[in-house]
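K.L.:
Provided herewith is a single structure, encoded as C-alpha cells, for subsequent inquiry.
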Amino acid sequence: DAGVTQSPTHLIKTRGQQVTLRCSPKSGHDTVSWYQQALGQGPQFIFQYYEEEERQRGNFPDRFSGHQFPNYSSELNVNALLLGDSALYLCASSQTQNIQYFGAGTRLSVL
Amino acid sequence: DQQVKQNSPSLSVQEGRISILNCDYTNSMFDYFLWYKKYPAEGPTFLISISSIKDKNEDGRFTVFLNKSAKHLSLHIVPSQPGDSAVYFCAASEGGSGGSNYKLTFGKGTLLTVNP
C-alpha cells in the first residue's frame, strides 16, 4: 500500500516564477493538507482540501493556491515566487476523523 | 505568536534510559495533541496522540502525558534506542478526536540523540 507520494522531490526556480507541486494521498484517504516547513521551524499549515473544496486556510497570501481532483490527488501552486518561499513543502493525507500522514516533501529553492 | 512551543532544541540520552520531550501550548481551544517523528529526507511520521478528555495515552515504549491546567504535554520514551534518534514535533488541533483531521499547529521540534 503506497503512502503519500509527492513530486517532484527537488525544484529550483527563480524569483517571480510560478511553481506547481503535486501530491497523491494514501489509498482510502479523502482529505489533503499542505504545509510549509522553513529551515529550523515546524511545519506551518497552508490549506486543506476535502471534496475538491478548500476547507481551511492558514495565514498565507493569495499567491498560494491549490486544487483537489476527483481522485483526491492535489496540487499546490505558488505564483510570483519570493526568496522567502524557499522551504520544504509537505503534503499530508487523512480520512475523516483520522490521523494525518505525511509525504517526504518537495524541497523548493528560489534563487 | 507561537501557540505550540518546544523549548528544548535538542536532547541527548543514553541507550536504555528514559527520554522526556516537553511541549507547551497557549491556545486553550486546542483539544487534540499529536507527536510526530522526523528523520532527515523523510516526512513526519505519526507516533502517538491524546485527546483532552484523557491525561495519559500509552503505545508500547511511548507514553504521552497531558496536563490541561498547565497547558503542557510530554512524550516519554522508555527504554530509548539509537533508532529513536530523530526530530520530534509536538502538534495540536481543535475539534476533538475528529480534529486530528483539521489544521495542525506544530512546535519547532526537538532533536533527540540516543547514544549507544
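K.L.:
Residues with amide H under 5 Å of A:K26's amide H, sequence separation 5 or more or different chain, H placed in the peptide plane at 1.01 Å from N; which?
P.N.:
Close amide H contacts, sequence-distant or interchain: A:V4, A:S93.
K.L.:
Could you list which residues have their amide H under 5 Å from that of A:G66, counting only those 5 or more apart in sequence or on another chain, with H placed in the peptide plane?
P.N.:
Those qualifying (amide H under 5 Å, at least 5 residues apart or on another chain) are A:N77.
K.L.:
Let me ask another. Can you compute the FRET efficiency between A:A2 and B:N67 using 1/(1 + (r/R0)^6), with r the Cβ-Cβ distance and R0 = 41 Å? Round to the nearest 0.05.
P.N.:
The computed FRET efficiency comes out at 0.60.
K.L.:
Additional query: How big is the Rg/Rh ratio for the protein assembly as shown, C-alpha atoms only, Rh by Kirkwood, two decimals?
P.N.:
Numbers: Rg = 17.4 Å, Rh = 18.0 Å.
Using Cα coordinates only, the ratio equals 0.97.
K.L.:
Once phi is turned into ³J(HN,Hα) by the Karplus curve 6.51 cos²θ - 1.76 cosθ + 1.60 with θ = phi - 60°, what whole-Hz value does each residue of the stretch B:7-13 show in order, with x for glycine and proline?
P.N.:
7, 9, x, 8, 8, 10, 9
K.L.:
So, one more: Can you tell which of A:N59, A:N71, A:N79 shows the greatest fluctuation in a Gaussian network model of chain A with Cα springs below 10 Å?
P.N.:
A:N59
K.L.:
Once neighbouring chains are kept in place and the probe is 1.4 Å, which whole percent of the accessible area of the protein assembly as shown is contributed by carbon and sulfur?
P.N.:
Answer for the protein assembly as shown: carbon and sulfur cover 48 percent of the accessible area.
K.L.:
Rounded to the nearest 0.05, what FRET efficiency do A:H67 and B:N7 have when you use their Cβ-Cβ distance and R0 = 45 Å? Let's see the in-between values first.
P.N.:
Numbers: r = 38 Å, r/R0 = 0.85.
After rounding, the FRET efficiency stands at 0.75.
K.L.:
What are the ³J(HN,Hα) couplings of the stretch B:59-66, residue after residue, when phi is run through the Karplus curve with 6.51, -1.76, 1.60 and θ = phi - 60°? Round to Hz, x for glycine and proline.
P.N.:
Coupling constants for the stretch B:59-66: 8, x, 7, 9, 9, 10, 10, 10 Hz.
K.L.:
Cut-off under 27 Å on the C-alpha distance; same-chain residues fewer than 8 positions from B:K54 excluded. Which lysines are left, in chain and number order?
P.N.:
B:K5, B:K37, B:K38, B:K68, B:K71, B:K103, B:K108
K.L.:
Describe numerically, in nm with one decimal, the distance between label points set 7 Å from Cα along Cα→Cβ at A:R107 and at A:Q17.
P.N.:
Going from the A:R107 label point to the A:Q17 one covers 1.6 nm.
K.L.:
Near A:K26, which aspartates and glutamates are there with a Cα under 18 Å away, not counting those fewer than 8 places off in the same chain?
P.N.:
Cross-link targets: A:D1, A:E51, A:E52, A:E75, B:E42.
K.L.:
Under a crude label model (7 Å from the Cα following the beta-carbon direction), how far is A:A80 from A:H10 in nanometres?
P.N.:
3.0 nm
K.L.:
What Kirkwood Rh does the stretch B:39-116 have if only Cα atoms enter the pairwise 1/r average? Answer in Å.
P.N.:
Values: mean 1/r = 0.0727 Å⁻¹.
Computed over the stretch B:39-116, the radius equals 13.8 Å.
K.L.:
Run the quick spin-label model on B:E42 and A:E52: label points 7 Å from Cα toward the beta carbon, then report their separation in nm to one decimal.
P.N.:
The modelled label-to-label distance comes out at 3.6 nm.
K.L.:
Packing-wise, with mean Cβ within 10 Å as the measure, how do B:34-44, A:6-16 rank, highest first? Display every interim value, and only then the final one.
P.N.:
Details: B:34-44: 19.1, A:6-16: 12.6.
Result, highest mean first: B:34-44, A:6-16.
K.L.:
Moving on to the next point. Quick one: putting +1 on the C-beta of Lys and Arg, -1 on the C-beta of Asp and Glu, what dipole do you get for the stretch A:5-103 around its Cα centre, in Debye to the nearest 20? Before the final figure, lay out the partial values.
P.N.:
Details: 7 positive and 8 negative charges, 70 e Å.
For this selection, approximately 340 debye.
K.L.:
Per 10 Å bin from zero, what fraction in whole % of the C-alpha pairs of the stretch A:5-103 is there, up to the bin with the longest pair?
P.N.:
Percent of Cα pairs in each bin: 16, 52, 28, 4.
K.L.:
Continuing with the same structure: Compute a Gaussian network model of chain B, connecting alpha carbons closer than 10 Å, and tell me which residue from B:D24, B:D84, B:D59 fluctuates the most.
P.N.:
Largest GNM mean-square fluctuation: B:D59.
K.L.:
Here's a follow-up. Collect residues whose amide H, placed 1.01 Å from N in the peptide plane, falls under 5 Å from the amide H of B:D31; neighbours closer than 5 in sequence don't count.
P.N.:
Here the answer is B:S93, B:E94, B:G95, B:G96, since their amide H atoms fall under 5 Å of that of B:D31.
K.L.:
Give the distance, in whole Å, between the Cα centre of the stretch A:41-85 and the Cα centre of the stretch B:3-42.
P.N.:
A separation of 26 Å, based on Cα centres.
K.L.:
How large is ³J(HN,Hα) for each residue in the stretch A:73-88, as worked out from phi by the Karplus curve 6.51 cos²θ - 1.76 cosθ + 1.60 (θ = phi - 60°), to whole Hz, x for Gly and Pro?
P.N.:
Each residue of the stretch A:73-88 in turn: 5, 9, 10, 10, 10, 10, 9, 6, 4, 10, 4, x, 7, 5, 5, 8 Hz.
The values are calculated or read from the model by the stated rules, or taken from the named source; none is laboratory data. As the structure is a prediction and not an experimental result, all values here were calculated from the model. Backbone-built Cβ (ideal geometry, glycine too); neighbour counts: all protein chains shown. Just the protein is used for accessible areas: all its heavy atoms, side chains included, with ligands, DNA and RNA removed. Shrake-Rupley method; radii C 1.70, N 1.55, O 1.52, S 1.80 Å.
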